[in-house]
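Contents: one structure, followed by commentary.
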Amino acid sequence: MRTVAGVVEDPRSGGDVVPLDELRLLRDLRDILRSAVELQSPAAQVIDACMEPGGKTAELARLGGSVTSGYFQLRERLRGFPPSPLVDEIAALLNYHQQMVEQALLFGYRGFEEGRERILRGWSGRLGHPAKRLRELYAQVRRQLAEPRATPTPKSRS
């Protein structure tokens, strides 16, 4: 492979080229998606704990704050990306995750005992399909980066 004018040329792919900016964006998206997927487990913990009756701990509030802050920071990182359907979908999924955790915290700490059963029915899927979709997008971006034409080698000194 060689780099010419900001483009990676891969001889194995018949001369296909991949702009370096595209590779950087894919790598950055992969990192954002990885972080978002890693936040899903603590997000589910917060949601589950907030749905349980009884008092809530300061530790749970800190964890919930950390999770919502994490999703917010990832959304902010996306703001620097050029607009695209993929970036828009990721931003919407991150917003959904953040909002679900925030709503669970409000529910858990404000003590809505009346109507708890009705509310819980709507929360039965935790993060649901959007969480699965976020994991699918992460796998998709990882596959794109693993394709031979998308893997540049270090520049040679010529």
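The values are calculated or read from the model by the stated rules, or taken from the named source; none is laboratory data. If you're wondering where the values come from, they're calculated on a predicted model, not measured in any experiment. Glycine gets a Cβ as well: all are built from the backbone with ideal geometry, and neighbour counts include every protein chain shown.
Here Gly125 meets each of (1) modelled with pLDDT under 90; (2) under 30 Å from Asp21 (Cβ atoms) with one exception, condition (2). Between Phe72, Phe81, the distinction of being surrounded by fewer than 17 Cβ atoms within 10 Å (Cβ to Cβ) and outside any helix (DSSP H, G or I) belongs to Phe81 only. Looking for something among the aliphatic types (A, V, I, L, M), assigned to a helix (DSSP H, G or I), touching a Lys or Arg at 6+ places or on another chain (Cβ under 6 Å) and within 15 Å of Tyr138 (Cα to Cα) - is there at least one such residue anywhere in the stretch 36-58? Taking every residue of the stretch 36-58 in turn, at least one turns out to be among the aliphatic types (A, V, I, L, M), assigned to a helix (DSSP H, G or I), touching a Lys or Arg at 6+ places or on another chain (Cβ under 6 Å) and within 15 Å of Tyr138 (Cα to Cα). Considering only residues in the stretch 35-67 that are among the β-branched types (Val, Ile, Thr) and farther than 11 Å from Ala104 by Cα, the one that is surrounded by the most Cβ atoms within 10 Å (Cβ to Cβ) turns out to be Val67.
Rundown of residues vs (1) at pLDDT 90 or above; (2) closer than 30 Å to Glu147 by Cβ; (3) not small (Gly, Ala, Ser), yes/no style:
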| position | (1), (2), (3) |
| --- | --- |
| Asp28 | yes, yes, yes |
| Ser84 | yes, yes, no |
| Ile90 | yes, yes, yes |
| Arg110 | no, no, yes |
| Glu113 | no, no, yes |
| Ile119 | no, no, yes |
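Within the set of pairs 6+ apart or on separate chains, which have a first residue in the stretch 75-94 that is more than 19 Å from Glu38 (Cα to Cα), a second that is buried (at least 16 other Cβ atoms within 10 Å of the Cβ) and not hydroxyl-bearing (Ser, Thr, Tyr), and C-beta atoms under 6 Å apart? Going by the 6 Å Cβ cut-off, the qualifying pairs are Phe81/Val87. Would you say Glu59 is at pLDDT 95 or above and either out of contact with any strand residue (DSSP E or B) (no Cβ under 9 Å at 6 or more places or on another chain) or of a type in the set (Phe, Trp, Tyr) (or both)? Yes: the conditions hold for Glu59. Checked against (1) more than 20 Å from Tyr71 (Cβ to Cβ); (2) modelled with pLDDT of 90 or more, His97 passes all but a single condition, namely (1).
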